[in-house]
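I have placed the structure first, in the form of structure tokens, so that the comments after it can refer back to it.
We did not get these values from a lab; they are worked out from the coordinates using the rules stated. Everything numeric here is computed off the predicted structure, so don't read it as measured data. Glycine gets a Cβ as well: all are built from the backbone with ideal geometry, and neighbour counts include every protein chain shown.
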Amino acid sequence: MNHRQIIGKKKYVFKKYSNIYGLAFKIERRRLLAGMRGLDVRIEHVGSTAVRGLGGKNILDILVGIRNGRRERIKGKITELGYDFIETSGNARRLFFVRDVKHSGKDIRMHLHLVKFNGYEWRQKILFRNYLRRHRNAMLEYADVKKRAAILAKGNKEAYMKLKEGFINGIMKQAIR
């Protein structure tokens with residue numbers, strides 16, 4: 001299923017950081033935990049909106065880690081909670097979901113990544129986020145990389161990702177040390 005585009009929302013642009021995403025995450029996290037009561041999951045705010053001051057596409061990225069349990073059951077719960085499963089955007093280690101909400105009068109796109117808790121995808125996203133939170137110069141440099149990538153990619157996802165790849169890989173090497 002292809003997810004509908006928010007009217008007027010452009011992909012792969014750079015926007016200033018907004019505090020609204022931290023608050024929206026707290027609300028959504030409580031809603032997800034209530035909807036998955038009894039299931040052994042961990043939920044984290046990742047991506048650019050999880051790093052104060054970074055800026056980016058202004059998408060709220062939510063990482064849901066499965067500790068114990070069946071992925072299909074949790075996938076079903078997530079769709080019951082209003083997320084659309086986007087089969088073509090995930091991989092063997094990560095299921096991908098999208099949900100659009102209004103928060104404080106603003107349209108917010110949420111990307112939910114369902115992964116194994118403490119697995120490869122979980123560790124990568126948490127390490128990268130935490131490194132940028134602790135190293136302001138790296139965060140500011142990444143903001144510049146994202147701005148340039150948004151301009152040069154002209155809306156092309158593959159080009160956008162490729163333009164950021166070298167910086168991300170360099171940060172990951174430092175974060176792992």
For this session: Please report, to one decimal in angstroms, the Kirkwood hydrodynamic radius of the chain built from all distinct Cα-Cα pairs.
Result: 16.8 Å
Seminar exercise, completed: Once Arg67 and Asn137 are pulled to full extension, the length gained, defined as 0.36 nm per residue separation minus their Cα-Cα distance, is 21.8 nm
For this session: Take the alpha-carbon centre of the range 60-88, take the same for the range 29-45, and report the distance between them in whole Å.
Result: 10 Å
Seminar exercise, completed: Relative to the chain, whose Cα atoms define the longest principal axis, helix 157-176 and its Cα axis are tilted in degrees, nearest 10, by 90 degrees
For this session: Would you mind counting up the charge near Val101? Only other residues with Cβ under 11 Å from its Cβ, with Lys and Arg at +1 and Asp and Glu at -1.
Result: +2
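Return the calculated 222 nm mean residue ellipticity for the chain, to the nearest 500 deg cm²/dmol, obtained by summing -39500 (n - 2.57) across DSSP H runs with n ≥ 4 and dividing by the residue count.
My calculation for the chain gives -15000 deg cm²/dmol from helical runs alone.
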Exercise. Taking only Cα atoms, what is the 0 to 90° angle, nearest 10, from helix 120-134's long axis to the longest principal axis of the chain?
Worked result: 50 degrees
Exercise. Helix 20-35 versus the longest principal axis of the chain: what angle, 0 to 90°, nearest 10, using Cα atoms?
Worked result: 20 degrees
